[in-house]
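Written out below as structure tokens is the structure these notes cover.
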Amino acid sequence: MSKDSRNISDISSDEAVCKLLESIDEDISTVFTRSEDMKPCPIGATYSGICCKNCSMGPCRIMSDDDTGLCGATLATIAARNLARHIAAGASAHSDHGRDMAHLLALTAEGKAEGLKIKDELKLFKFAKTLGIKTNDRSVNEIAKDAADKAMALFGQQTGEIDLIHLAPLKRQEIWRKYKIVPRGIDREVVEMLHRTNMGVDQDPENILDQALRTSLTDGWGGSMIGTDITDILFNTPVPIAARTNLGMLKEDEVNIIVHGHEPTLSEIIAELADDLELVEYAKSKGAKGISVVGICCTANEVLMRQGIAPVGNFLSQEMAIMTGAVELMVVDVQCVMQALGELTKKYHTKLVTSSPKAKIPGAIHMEFHEVNGVTLAKEIIKLAIDNYQNRSHKVCIPDITSDLIAGFSHEYIRYMLGGRFRESLRPLNDAIIDGRIQGIVAIVGCNNARVGHDKSNNYLVKEFIKRDYLVVQTGCGALASAKCGILTPEAMEFAGDGLRSICETVGIPPILHLGSCVDNSRILTIASDIVKEGGLGEDLSDLPAAGIAPEWMSEKALSIGAYFAASGVYVAFSGQPIPVESSEEVKRIMTEGWQQKYGGQLEYIAEAEQVLEKVIEVIQAKRKALKIDVKKERVLMDMEARRTM
Ligand code: BF8
């Protein structure tokens, strides 16, 4: 790759991506070449000062604690405001997704959503109960309509508390009430965050950041949780499913369609129609052997978990897929879709289709999805792809690289898997944590970032943690990184420590659990709350020997996720690129010591993955010590060994 001075193996750990980069044409620009050509602006991106653009007297460049903006705003105020706005944007993305799912549920209940019906009634009843909807003697559709209306009302609610926070342990709810950060309404907190960071409003960094936490809680315990629950209700709660991943899953002799983005609905329908006899016959009439639907990013996680559709890559793979020359059509909805796809697809035969009225791309064909036209539109899109099969213009170059994976561990399935069908329970998990066979739970989630080695830190940390008996749970692009690395399988047990391996073997789970897309981080909140309620590991989420890591973070959504975990009492480390407060010691202190004292959680940036490993182990071991469960593992393993040899 001539435009990039780095070694290709430093750029990505994904062999398929490396293979494509090796053979890239001179005139092709990718996120990797652009990251070499354009360095990040140093002001605000790293440790060297910060930039305020919130009024037209600026942009003001603040280089030290002695400087202020024209209005007098300090470095700490500006850093807090900037972070708060990122968190508001991230929370709004997840929440708007949740709102669309609620709208879809309402239309499905009314019979107006083409091709859709409620698939998981049990989950609907649970969701309705949480929202205070009466379920006795009522039809499924009546319950679904009321639940959808109530979920939508939570976005515009002005006072009180959003219902879903009541799923958290009671002690956690009291902490939120004490510091006045219980979300009143989902949209309300995002709007108030934007107001308070407007020029001349909230100028106290701690107060700004408290509202940022309240805003983030509307994501994790609000919009994301609504999104996850309704997706399960409409498309089924995931159970473990075997599949294969990476670019080698593209088919040289079939019509290849990639679904990319975050909203599951249209993608689920397209994936279901890939086997439609009429469409397959049509594809054959055009010279293809069949239709292959694959995914990228979190849409990939959604259709992977429920239909076993192959994810061909994560965020940084989206351009690579086009460069194989084998993709007839890529259909995108919202979030994490690079604008560069518009120009790149012009150089290949690939048709780029946008489907959301919220997200159009210059150069793409817009075929708008509405809840009422799902099946009709999906068929039109598939036909467009089929018609494009004969237009392949480049030599097809599909790297012959794939890996097996197991995905789809919903919290419902984890309870069932641990306790059995009639006595589902997290007890065995709690006991394994208490006796030390599992040292703790580490969520390794989030994005790829072209400024850091693709998948590298993720793969390193995942392996190091399971080696030390930490159960790893994953979502988003982190989960897909592990899948491509081949460790999202029961065979990864060979890398696990004795204690973790003994649990995995007994229960029949892999040591790394794929929990879904980024909105599905809400599943982690639910599991953690259930662990607390199960007993023996403290009274609050902050007591649990658990932590969160976003080792290659990129999106504002990651900042919102990190903030809601910290607000929920979890230690969170971001790595790779700095979070945008690094120049302010005061703000960093608030987010570590300050949040620890008030909320029992923290969010901090740690540059190197090795340091993250050390710090997270230190944090989790301190929690084990506080719970007085820090010395049991050796004895338990010796007992197990003795039993084996008897
Ligand atoms: O929501 S992990 S790069 S695809 S933001 Fe985007 Fe990050 Fe991937 Fe999913 Ni999440």
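The values are calculated or read from the model by the stated rules, or taken from the named source; none is laboratory data. Owing to the predicted nature of the structure, the values given are computational and were not obtained by experimental measurement. Cβ sites come from the backbone with ideal geometry, for glycine too, and all protein chains shown count toward neighbours.
Structure values in brief
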quantity	calculated
Selected residue [modelled with pLDDT of 95 or more, assigned to a strand (DSSP E or B) and within 16 Å of the ligand (Cβ to nearest atom)] from ILE549, ILE561, ILE524	ILE549
Residues that are away from the ligand (no atom under 14 Å from the Cβ), polar (S, T, N, Q) and out of contact with any Asp or Glu (no Cβ under 6 Å at 6 or more places or on another chain), drawn from the range 277-320	SER285, GLN307
Selected residue (criterion: nearest to the ligand (Cβ to nearest atom)) from residues of the range 223-242 that are under 24 Å from VAL337 (Cα atoms) and touching a Leu at 6+ places or on another chain (Cβ under 6 Å)	MET225
Lone qualifier among VAL303, VAL334 - being among the β-branched types (Val, Ile, Thr) and surrounded by fewer than 24 Cβ atoms within 10 Å (Cβ to Cβ)	VAL334
Filter result for LYS633 (at pLDDT below 90, over 17 Å from PRO578 (Cα atoms) and either out of contact with any helix residue (DSSP H, G or I) (no Cβ under 7 Å at 6 or more places or on another chain) or crowded, with 16+ Cβ neighbours inside 10 Å (or both))	yes
Single residue of ILE386, ILE401 found to be in contact (Cβ under 8 Å) with a residue 24 or more places away in the chain and either within 16 Å of the ligand (Cβ to nearest atom) or in a loop (DSSP other than H, G, I, E, B) (or both)	ILE401
Pairs with Cβ under 9 Å, 6+ apart, first in the range 245-257 and on the phi > 0 side of the Ramachandran plot, second among the polar types (S, T, N, Q) and surrounded by fewer than 24 Cβ atoms within 10 Å (Cβ to Cβ)	ASN246/THR402; ASN246/SER403
Helices (runs of 4 or more DSSP H) completely within the range 1-119 that count 3 or more residues being under 27 Å from VAL334 (Cα atoms)	15-22, 31-37, 75-109
Cβ-Cβ under 9 Å pairs, at least 6 apart or on other chains, the range 270-285 side under 20 Å from GLY374 (Cβ atoms), far side of a type in the set (Lys, Arg) and surrounded by 20 or more Cβ atoms within 10 Å (Cβ to Cβ)	ALA271/ARG306
Which listed residue is β-branched (Val, Ile, Thr), more than 16 Å from the ligand (Cβ to nearest atom) and at pLDDT below 95, from VAL507, VAL532	VAL507
Conditions (1) out of contact with any Asp or Glu (no Cβ under 6 Å at 6 or more places or on another chain); (2) in a helix (DSSP H, G or I); (3) more than 16 Å from the ligand (Cβ to nearest atom): number failed by ILE590	(1)
Some residue of the range 340-355 being within 16 Å of the ligand (Cβ to nearest atom), farther than 18 Å from SER267 by Cα and surrounded by 20 or more Cβ atoms within 10 Å (Cβ to Cβ)	yes
Residue within the range 439-448 that is surrounded by fewer than 16 Cβ atoms within 10 Å (Cβ to Cβ), touching a helix residue (DSSP H, G or I) at 6+ places or on another chain (Cβ under 8 Å) and of a type in the set (A, V, I, L, M, F, W, C) present	no
Residue in the range 163-179 that is without any contact (Cβ under 8 Å) to a residue 40 or more places away in the chain and in a loop (DSSP other than H, G, I, E, B) present	no
Residue within the range 68-79 that is surrounded by 15 or more Cβ atoms within 10 Å (Cβ to Cβ), of a type in the set (A, V, I, L, M) and under 24 Å from GLY325 (Cβ atoms) present	no
Among the residues listed as ILE381, ILE361, ILE433, the single one being more than 24 Å from the chain's Cα centre (by Cα), touching a residue at least 12 places away in the same chain (Cβ under 8 Å), crowded, with 18+ Cβ neighbours inside 10 Å and farther than 30 Å from GLU534 by Cα	ILE381
Residues of the range 409-438 classified as part of a loop (DSSP other than H, G, I, E, B), under 14 Å from ILE527 (Cα atoms) and of a type outside the set (D, E, K, R), total	4
Restricting the range 445-498 to residues that are of a type in the set (Val, Ile, Thr) and part of a loop (DSSP other than H, G, I, E, B), the residue that is nearest to the ligand (Cβ to nearest atom)	VAL445
Matching entry among ALA385, ALA378, ALA364 (being more than 27 Å from THR30 (Cβ to Cβ) and among the small types (Gly, Ala, Ser))	ALA378
Subset of the range 248-264 [within 16 Å of the ligand (Cβ to nearest atom) and not hydrophobic (A, V, I, L, M, F, W, C)]	HIS260, GLY261, HIS262, GLU263, PRO264
Long-range neighbours under 6 Å by Cβ, at least six apart or interchain, first residue more than 18 Å from GLY569 (Cα to Cα) within the range 611-624, second surrounded by 14 or more Cβ atoms within 10 Å (Cβ to Cβ) and of a type in the set (D, E, K, R)	LEU613/GLU464
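Residues are listed down the side, and each one gets a yes or a no for (1) in contact with a Phe, Trp or Tyr (Cβ under 6 Å, 6 or more places away or on another chain); (2) small (Gly, Ala, Ser):
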| site | (1), (2) |
| --- | --- |
| LEU131 | no, no |
| ASP137 | no, no |
| GLU142 | no, no |
| PHE155 | no, no |
| LEU170 | no, no |
| VAL182 | yes, no |
| GLY200 | no, yes |
| ILE208 | no, no |
| TRP221 | no, no |
